[in-house]
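To start, the structure itself, in structure tokens.
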Amino acid sequence: LKLGGSWQLVVRVGRSAMASVMAPPVSRGIDYSKFDNIEDSDDEKPQQSSASAKPEVDEKPCCSGCGKDISKPLRCSQCQRVVYCSAECQRSDWAYHKRACKKPEDPKAKDKASPEKEKRSEEPAGAKEERRQKKKEDKVVDNDDENMTWYRHREWKPTAEPKKDFAPTPLSASAAAQAAAGESESKPAAGSAWNAAGTWEDRDVTDLAKRTLKEKLRGFAPTDCAGGALDAEDVEEVDGEASKPVIRGKLRHMFDLSFTLKFLFKWMDSSGQRQVKGSVEVSDFTNDVFCEGADAGPELRLSFSDARLLDAGRKQAVEAALGLASWPPAGGSLMAQLSEKLQEWVREYEAVAEATPLYSGCANIVLHSGYA
């Protein structure tokens with residue numbers, strides 16, 4: 001019986017559960033419980049005081065260049081309003097920020113200006129009118145349409161006194177003679193007649209210097225060398241500049257020339273007569289080479305047309321016979337003869353230049369310019 005009663009109980013519970021599942025849901029209407037906590041505006045409670053209110057959490061500043069949140073912002077030193085995350089961001093954003101970047105106004109300046117305005121407002125009407133009239137008088141009116149014959153200035157006006165023409169003061173005969181004597185004494189020792197002040201005056205004599213130098217460097221005597229003869233042939237490629245300036249009333253002799261001296265070396269050996277050609281390039285031959293105390297001579301550079309024909313001993317002997325090791329060159333060498341001829345040319349060049357006037361006068365200059 002116990003088992004049968006228990007079974008029946010199980011069957012009834014199962015049926016009731018199935019019925020609850022199978023039965024349709026019961027409609028209970030609209031739930032208005034969510035509006036229970038809504039209060040009318042008239043019934044609202046007073047707001048809490050600021051002291052009891054919770055402090056608002058400050059938002060992290062944002063970089064004006066890249067837009068990132070910044071924990072340690074770098075503020076613009078001028079406007080103090082814009083912040084950046086790094087100096088690099090500030091430099092890249094400066095092209096745009098500089099248009100709006102302004103130094104904040106000083107509130108103290110405003111406070112100082114306001115008392116002055118109040119003071120002016122308290123002034124009587126007569127003081128204001130007087131200040132306005134004074135400002136009007138100080139204003140300069142520039143009328144371009146007005147035909148003015150005098151310089152416009154408020155502190156000076158033309159008078160009725162007639163205009164005086166300038167007249168030079170005549171010199172007496174004694175004063176004129178004294179002035180002429182002073183001019184003759186101050187005339188420079190060298191230079192043209194028109195250059196009485198002794199200013200810079202120059203004459204280009206390059207063509208004369210080249211021609212006379214080439215003519216002078218001829219007729220070298222042969223030099224014995226290593227069983228042969230060393231002889232200078234010709235001078236080629238004379239180049240450079242030469243001028244005769246007058247500086248502070250003194251005639252100077254200036255030149256800077258270069259040239260090439262050709263030479264020929266002949267000797268006899270078992271195969272017969274042999275020869276080799278060469279050249280010595282002379283540069284930096286200036287007017288200071290033979291001056292007293294000169295520590296450097298012209299620059300000398302040796303070259304052979306076919307150096308393979310010379311053995312080491314004969315080549316060394318030729319170089320010694322040329323005398324390129326020092327300046328002034330050793331006596332008996334080819335360069336010693338060249339040095340003597342160059343000194344003679346310098347003396348002749350200076351003598352010719354002193355005998356020939358730079359300009360005979362202003363008439364020559366006019367003829368040279370094509371106006372005569």
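The values are calculated or read from the model by the stated rules, or taken from the named source; none is laboratory data. These numbers come from a predicted model, not from an experiment. Accessible surface areas use protein heavy atoms only, side chains included; no ligands, DNA or RNA. Shrake-Rupley method; radii C 1.70, N 1.55, O 1.52, S 1.80 Å.
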Problem set entry | When segment 207-284 is reduced to its Cα atoms, the Kirkwood hydrodynamic radius in Å | 14.9
Problem set entry | Proximal lysine pairs, segment 191-338, alpha carbons under 14 Å, eight or more residues apart or interchain | 5
Exercise. Pairs Lys68/Lys102; Lys134/Lys163; Lys134/Lys164; Lys102/Lys134: which exceed 31 Å Cα-Cα?
Worked result: Lys134/Lys163; Lys134/Lys164; Lys102/Lys134
Problem set entry | ³J(HN,Hα) computed for each position of segment 201-217 - Karplus, 6.51 cos²θ - 1.76 cosθ + 1.60, integer Hz, glycine/proline x | 9, 9, 9, 7, 10, 4, 4, 4, 5, 5, 5, 5, 5, 5, 5, 6, 8
Seminar exercise, completed: Rounded to the nearest 10 Å², the 1.4 Å probe accessible area of Ser270 is 130
Problem set entry | Potential extension, Lys102-Ile38 segment - 0.36 nm per residue separation minus Cα distance | 18.0 nm
